[in-house]
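Here is the structure we will look at.
The values are calculated or read from the model by the stated rules, or taken from the named source; none is laboratory data. Computed from a prediction, not measured in an experiment: that's the story for all the values here. Here the Cβ positions follow ideal geometry from the backbone for every residue, glycine too, while neighbour counts run over all protein chains shown. Heads up: the accessible areas ignore ligands, DNA and RNA and are worked out on the full protein's heavy atoms, side chains in. Shrake-Rupley method; radii C 1.70, N 1.55, O 1.52, S 1.80 Å.
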Amino acid sequence: MNTETTSTDPFGELKPVRGLPPGLRRRFPDRVLVMTTDRCFESCAHCTRKFVLGHAPVVDTPEKIEACVEWVRRHGVVRDVLLSGGDVLTLGDADVGRLVSSFAALDQVEVIRICTRAPVAKPERVTRRLARMLAREGRGKVWANVHINTAEEARRALEPAARLVDAGIPVSSQTVLLRGVNDTPRKMLELLRTLSAERIRPYYVFQCDPVAGLAERFGVPLEKAKKIEEYCAERIGGLALPRFVADLPCSRRKIPLDIL
Ligand code: SF4
């Protein structure tokens with residue numbers, strides 16, 4: 001499988017898709033991604049959407065939210081809604097609450113994912129009030145996916161993650177394997193142990209996406225990534241072991257490294 005081709009928009013997020021409201025993306029049948037904003041708390045050098053943010057349409061008005069909700073309602077197979085961007089928690093509580101409650105009101109929607117880096121980049125944003133609001137307006141359907149790359153970042157996320165978990169919101173981490181940042185077995189193991197001790201479930205470790213310039217700067221060779229996974233798998237239980245995967249534009253699923 002060719003993982004080398006890079007692009008500024010590998011997942012086609014700038015291209016309008018016929019039949020989809022602006023700001024709604026659908027790569028997999030049961031899931032949709034809502035581009036809620038193009039703002040983030042940080043400007044990560046390894047950002048997959050670095051060429052997309054600021055250019056892709058966002059769902060930033062009640063009318064646009066309603067258009068997306070109506071589209072999901074008409075497509076009953078959709079059960080999982082990702083509130084992404086940018087970072088949805090750069091919006092105020094009222095706007096986040098409107099998004100969450102609008103999708104949670106659909107019986108078919110079982111999972112609403114808050115994709116955020118706030119617990120690391122702006123821990124004070126994740127207040128007890130926000131956590132309680134997400135639990136209430138989300139009708140128990142909200143999960144938080146937090147982008148965490150190092151044990152030091154995980155330690156920064158301890159208190160905000162605890163506020164979410166204590167409010168009944170499961171928290172998981174998504175990590176990008178980055179050259180020079182977390183690409184040693186010991187660093188990865190420390191990250192995974194720190195996360196699980198903080199009640200953050202390690203979910204995915206991604207190979208760098210095929211975005212122009214990123215793979216060259218941050219990419220970790222496949223064989224090295226496999227050795228890191230093996231080292232971790234031999235030392236921690238399944239609960240703390242994420243799936244090491246590549247997300248390829250042509251694929252209908254995340255690809256485990258051992259079949260690449
Ligand atoms: S937080 Fe995520 S979306 Fe925002 S700049 Fe970083 S990688 Fe990109």
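If you look for lysine pairs in the chain that are eight or more places apart or on different chains, how many of them have Cα atoms under 28 Å apart? Within the chain, the lysine pair count is 21. Helical content alone sets the calculated 222 nm signal of the chain at -9000 deg cm²/dmol, taking -39,500 (n - 2.57) per DSSP H segment of four or more residues and averaging over every residue. The residues of the chain expose on average 47 square angstrom of accessible surface per residue, using a 1.4 Å probe on protein heavy atoms. A simple spin-label model places pseudo-atoms 7 Å from Cα toward Cβ; at Arg243 and Ala212 they are separated by 3.1 nm. Projected label points at Glu152 and Arg132, each 7 Å from Cα along the beta carbon direction, are separated by 3.5 nanometres. Annotation: Asp107 carries an accessible surface of approximately 140 Å², with a 1.4 Å probe and no ligand, DNA or RNA atoms counted. Label-to-label distance, Val77 versus Cys44, with points set 7 angstrom from Cα along the beta-carbon direction: 3.0 nm. Each Lys and Arg adds +1 at its Cβ and each Asp and Glu adds -1 at its Cβ; summed about the Cα centre, the chain shows a dipole of about 340 debye.
Computed with every protein chain present, the accessible area of Arg156 is close to 100 Å² [probe 1.4 Å].
Suppose we flag GluC sites (Glu not before Pro) only when DSSP calls them loop and at most 14 other Cβ atoms lie within 10 Å. Which is the longest uninterrupted stretch of the chain? Longest stretch, sites excluded: 111-233.
For the pair Lys227 and Arg31, a Förster radius of 30 Å applied to the C-beta separation gives a FRET efficiency near 0.45, rounded to the nearest 0.05.
Hydrodynamic estimate: the Kirkwood radius of the chain over Cα pairs, inserted into Stokes-Einstein at 10 °C and 1.306 mPa s, corresponds to D of 85 µm²/s.
Contact order normalised by length for segment 24-259, with contacts defined as Cα pairs under 8 Å and 6 or more residues apart; what percent is it?
For segment 24-259, the relative contact order is 15 percent.
Could you give the distance between the Cα centres of segment 193-229 and segment 144-165, to the whole Å? So the two Cα centres are separated by 16 Å.
Lacking any other cysteine beta-carbon closer than 4.7 Å, the following Cys residues of the chain have no compatible partner: Cys40, Cys68, Cys115, Cys208, Cys232, Cys250.
In a fully extended conformation the segment linking Thr184 and Arg98 would gain 26.8 nm over its present Cα-Cα distance, using 0.36 nm per residue.
Split the accessible area of the chain by element, probe 1.4 Å, and carbon with sulfur accounts for 52%.
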